[in-house]
Amino acid sequence: MKTFLVHHRTSHHAHYSGYARLIDFIADAQVLEGKTQLPYRVAQWLGKQASNDAGLYNSSSVQKEIEIFRGLRKAPQNETSIVHYLNAERDIRYVIKFFSRAERIRFCASFHKPPAILKERIPITKHLKQLHGAICVGYNQVEFIQNWLDLEKVRYIPHGVDIEFFKPAVSIPKAPRLLFVGQHLRDFDMLQHCLPVLLAAMPDLQVDIVSGKQAQELISAHCRIHFHKQVNDDQLLALYQQASLLFLPLVDATACNSILEGLACGLPIVTSSVGGNPKYLEGTENLLCDSATAFIEGTLDLLQSESKLTQLGAASRQKALDYSWTEVAAQIKDFYRTLV
């Protein structure tokens, strides 16, 4: 079986974060990432001819499609080729149509956005409906994808995390410290509401926020709130390791890198009971909240109990082992075999 991985790396992800880490765990796969095949202006013009109502498509997508086409042309004729789009929300267009009748070629894709966003942003599904299989990184996507694309082979396979890089600190932090990470689908209104109450209730509490400019504009300034932008890998790890818990209100979710990284670093998690979160935290007793009261009371209760922090932290790390990239890659390779 020949495997092609169509890759798009999100610029804000650190080196050890993001779905692209899967590439290192699929042996012998050919990675297609849009190397220059055409002059940029030609690729840009071609990209603009496609409607983004069928998923994001741009000059990089054009270059990737040329790579896919050439790779499939050169692939052995006597074995099946699997083309796996690591981001189903982009790049899927003409190649899948051209090879739709080829018995030896199977197309699959991993979906990352919540159902509501997929439905809104991709009203034209004719290209996605030519997929032979779909991987859902959120349990909350499965039924929707099956119905939306009328697709039989849909499987929930969780997002992975690098458990070798993201790991617990050697020593437990003494001072109470909350950590908030990220920007996409974060509930900044909830964060803004809860932080003043938490800071007033605990005079020694410190808060670290790793996010973009939007967060700093929305969150009221306070001497114990520390904003961090454009941190490198080691700085991000240090922030996880010095935190008492991950405090992460969300408006929706499928898989959340920050939650996975918090789990791997052995942090208790306080997050919203939305989307794929309940499945990712299943069996850990981490806190899934549906109101400001639940966020505030649950966080204060944890911070005032060292034994609870230790218990949840250990459960988090144990759960993260299920999401190691080795485990996730094995599930994905098993899914490939069902497409043949």
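Quick one: what pairs do we get from the range 296-321, first residue touching a residue at least 12 places away in the same chain (Cβ under 8 Å) and crowded, with 16+ Cβ neighbours inside 10 Å, second of a type in the set (Lys, Arg) and in a helix (DSSP H, G or I), C-beta under 7 Å, 6+ apart or different chains? The qualifying pairs are Leu302/Lys308. Condition test on Ser273, is it in contact with a Leu (Cβ under 6 Å, 6 or more places away or on another chain) and either surrounded by fewer than 23 Cβ atoms within 10 Å (Cβ to Cβ) or among the hydroxyl-bearing types (Ser, Thr, Tyr) (or both)? In short, yes. Against the conditions (1) touching a residue at least 12 places away in the same chain (Cβ under 8 Å); (2) in a loop (DSSP other than H, G, I, E, B); (3) within 30 Å of Ile117 (Cα to Cα); (4) within 25 Å of the chain's Cα centre (by Cα), Phe165 satisfies every one except (3). Looking only at the range 194-227, residues that are assigned to a helix (DSSP H, G or I), over 26 Å from the mean Cα position of the chain (by Cα) and of a type outside the set (Gly, Ala, Ser) come to 4 in all.
What single numbered condition from (1) open to solvent by less than 30 Å² (accessible area, probe 1.4 Å); (2) of a type outside the set (Lys, Arg); (3) touching a Leu at 6+ places or on another chain (Cβ under 9 Å) fails to hold for Leu260? All conditions pass for Leu260, except number (3).
Remark: pairs (first residue in the range 139-160, open to solvent by 70 Å² or more (accessible area, probe 1.4 Å); second residue aliphatic (A, V, I, L, M); Cβ separation under 7 Å; 6+ apart in sequence or on different chains) = Lys153/Leu339; Arg155/Ile135. Only one of the numbered conditions (1) of a type outside the set (Phe, Trp, Tyr); (2) in contact with a His (Cβ under 7 Å, 6 or more places away or on another chain); (3) free of Cβ contacts under 8 Å to residues at least 60 places away in the same chain is not met by Lys119, and that is (2). If only residues of the range 205-216 that are at pLDDT 95 or above and not polar (S, T, N, Q) are counted, the one that is farthest from Asp301 (Cα to Cα) is Val210.
The set of residues from the range 243-257 being touching a strand residue (DSSP E or B) at 6+ places or on another chain (Cβ under 6 Å) and either among the polar types (S, T, N, Q) or open to solvent by 20 Å² or more (accessible area, probe 1.4 Å) (or both) comprises just one member, Ser244.
The values are calculated or read from the model by the stated rules, or taken from the named source; none is laboratory data. Computed from a prediction, not measured in an experiment: that's the story for all the values here. Cβ sites come from the backbone with ideal geometry, for glycine too, and all protein chains shown count toward neighbours. For the accessible areas, the whole protein counts, side chains as well, though only heavy atoms, and no ligand, DNA or RNA atoms are used. Shrake-Rupley method; radii C 1.70, N 1.55, O 1.52, S 1.80 Å.
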